[in-house]
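Q: Attaching a single structure in structure tokens format; questions to follow.
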């Protein structure tokens, strides 16, 4: 663990209480609804704000204790804000050179490497005022990286982008851990973003840390807010088996032995991939369908159900009471299926029951590593 946190502060009616230790590699996401304390926590880590009662330690170095407090510049932290905050009087190259001339450390990625990773080489001579929203975000991230930080903090960097630009940015961001050895802390309220990018997750609610751990495990816990979001679903680890070139499909295998067909991907056989399967894209059948256009039909076991899917929010909304989220076991991994309460009652579904999950679509989330 590289980042140790013990932060406690009161601001009006809001109270932040976080005690945790974060991994030294990969992307850690801080997730929660608006007002949950995500940005306050990030600012405390960055040294932009001080919790009156707090301790921050990074790789054995004290950033905040009872007796001392290091400012952001002293911590060697790169920060990417929601607003790109580029210098309007400088070109793209000028913004990047400004950062490069103010590096925290001598070692780190080169100018050309960062520009290639973030796909901004063609933009170097451009006026920053003539960049699109997505281009501005990429330049802001490049600027942070060129300072050679030992920790990169990103505060909802994709906010304000339309869907196509957001997806393009996530394609760029998810490859960064392959190039960088520094940990990244990523703030977002979007589970769609987190499911594509994060390895480790902190869930905040009203300033309190309610859960943390591996994304795959937390994504299907019915006692957590992630499972109640509209875009809830399961994150699964799988291995590429083969490609069906004639159909432009790829076959993936879970640890349980179950196989899935997805739109053809660029991974190689034996490579590990991560999938996101939306709860709304799964239906449940008591018998194995024999004639169906759906390719992915998996036998599984009902683990548990949340018959009050949104009981902690908007309980007076009849739509919330009309749905049930069912957790389905596939060996050591799980799927979530969101179905109507009427279907749940009509099929008399219950824990321990053997059923078949029909998956309409499977979204490839991430590719990481190559199996030896």
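Q: Among 39, 121, 325, which comes first, second and so on when ranked by fewest other beta-carbon atoms within 10 Å? Display every interim value, and only then the final one.
A: Values: 39 18, 121 12, 325 22.
If I rank by nearby Cβ atoms, fewest first, I get 121, 39, 325.
Q: Using alpha carbons only, how many degrees (0 to 90, rounded to 10) separate the axis of helix 163-173 from the longest principal axis of the chain?
A: With rounding to tens, the tilt is 70 degrees.
Q: So how far apart, in nm, are the two label points at residue 178 and residue 11 if each is 7 Å from Cα heading toward Cβ?
A: Result for the modelled spin labels: 3.8 nm.
Q: What 222 nm value per residue comes from the helices of the chain, counting each DSSP H run with n ≥ 4 as -39,500 (n - 2.57) and dividing by all residues, nearest 500 deg cm²/dmol? Write out the running numbers ahead of the final one.
A: Working: 11 runs with 78 residues, N = 372.
Per the formula, -5500 deg cm²/dmol.
Q: Please report the spacing between the Cα centers of segment 77-148 and segment 174-224 in Å, no decimals.
A: Taking the Cα centre of each part, segment 77-148 and segment 174-224 sit 25 Å apart.
Q: Using only C-alpha atoms and all pairs of different ones, pull out the Kirkwood radius for the chain in Å with one decimal. Working shown, then result.
A: Working: mean 1/r = 0.0447 Å⁻¹.
Its Kirkwood hydrodynamic radius stands at 22.4 Å.
Q: Run the numbers for residue 350 and residue 162: contour at 0.36 nm per residue of separation, minus the present Cα-Cα distance, in nm. Intermediate values should be presented prior to the final figure.
A: Numbers: separation 188, 0.36 × 188 = 67.68 nm, distance 4.04 nm.
My answer for the length gained is 63.6 nm.
Q: Once you put a point 7 Å from the Cα of residue 121 and another 7 Å from the Cα of residue 249, both along the Cβ direction, what distance in nm separates them?
A: 3.8 nm
Q: Taking Cα atoms, how many degrees apart are the long axis of helix 133-145 and the longest axis of the chain, rounded to 10 and kept between 0 and 90?
A: 60 degrees
Q: Return 18, 241, 201 ranked ascending by Cβ neighbour count within 10 Å, so the fewest neighbours appear first. Show your work: numbers first, answer last.
A: Working: 18 23, 241 13, 201 26.
The most exposed by this proxy come first: 241, 18, 201.
Q: With springs connecting C-alpha atoms under 10 Å apart, model the chain as a Gaussian network and identify which of 177, 157, 289 has the largest mean-square fluctuation.
A: Of 177, 157, 289, the Gaussian network model singles out 289 as fluctuating most.
Q: Another one. Counting other C-beta atoms within 10 Å, which of 59, 300, 31 has the fewest, and how do the rest follow? Intermediate values should be presented prior to the final figure.
A: Values: 59 12, 300 24, 31 28.
Ranking 59, 300, 31 by Cβ neighbours within 10 Å, fewest first, gives 59, 300, 31.
Q: Could you list, bin by bin from short to long, the percent of Cα-Cα pairs of segment 3-218 in 10 Å steps?
A: 8, 35, 36, 18, 3
Q: Something else about it: Suppose each label sits 7 Å from its Cα in the direction of the beta carbon; what would the residue 242-residue 113 distance come out to in nanometres?
A: Between residue 242 and residue 113, the simple spin-label model gives 3.9 nm.
Q: Subtracting the Cα-Cα distance from 0.36 nm times the residue separation, let me have the gained length for residue 50 to residue 62 in nm, one decimal.
A: Working: separation 12, 0.36 × 12 = 4.32 nm, distance 1.37 nm.
Length difference between fully extended and current span is 3.0 nm.
Q: Of the peptides 214-227, 347-360, how do they stack up when ordered by the mean number of other Cβ atoms within 10 Å, highest first?
A: Values: 214-227: 19.8, 347-360: 15.0.
Descending packing order for the listed peptides: 214-227, 347-360.
Every read-out reported here was derived from the displayed coordinates using simple, explicitly stated rules and does not represent laboratory data. Note that this is a predicted model, so its numbers are computed, not measured. Every residue, glycine among them, receives a Cβ derived from its backbone with ideal geometry; neighbour counts consider all protein chains shown.
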